[in-house]
Amino acid sequence: MDPIPQTPVAPNPADDVQKNKVLAAISYIFIVSLIVLLVKKDSPFAQFHAKQGFVLFIASLVCGFIPVLGWLLNIVVLVMAIIGIISAAQGKWYKMPLVSQLAEKINF
């Protein structure tokens, strides 16, 4: 007699947040976002924050090539990354203006 096949159980969102807070927070440390995107494909919370971190990483690279104005914009990117780290560490799904809209288009 064959055992009854088990249907996969979707992860509990609260468990996902608790298990992945640290990875979500460190994903705002620029290049780490790419690692989290590739490693934690099963975590919606980590993916959400890693995508925003990746957008900020790309923005930082672009701003680095623009004299003066780009350097000032890099300060804004840094502040946004700090806000992202804090919100991820607190388990919040904070959507950053403009950044979240770009991040939603990322598929890995």
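The values are calculated or read from the model by the stated rules, or taken from the named source; none is laboratory data. This structure is a prediction, so every number in the text was calculated from the model and none was measured. Every residue, glycine among them, receives a Cβ derived from its backbone with ideal geometry; neighbour counts consider all protein chains shown.
Considering Phe108, Phe30, which residue is surrounded by 16 or more Cβ atoms within 10 Å (Cβ to Cβ), modelled with pLDDT under 95 and not basic (Lys, Arg)?
Phe30
Beta carbons closer than 9 Å, at least 6 apart along the sequence or on distinct chains, pair a first residue in segment 17-45 that is of a type in the set (Lys, Arg) with a second that is outside any helix (DSSP H, G or I) for Lys19/Pro11; Lys19/Ser43; Lys21/Gln90; Lys21/Gly91; Lys40/Ser27; Lys41/Phe108.
Has segment 51-67 got any residue that is more than 17 Å from Val36 (Cα to Cα), surrounded by 14 or more Cβ atoms within 10 Å (Cβ to Cβ) and of a type in the set (D, E, K, R)? No: zero hits.
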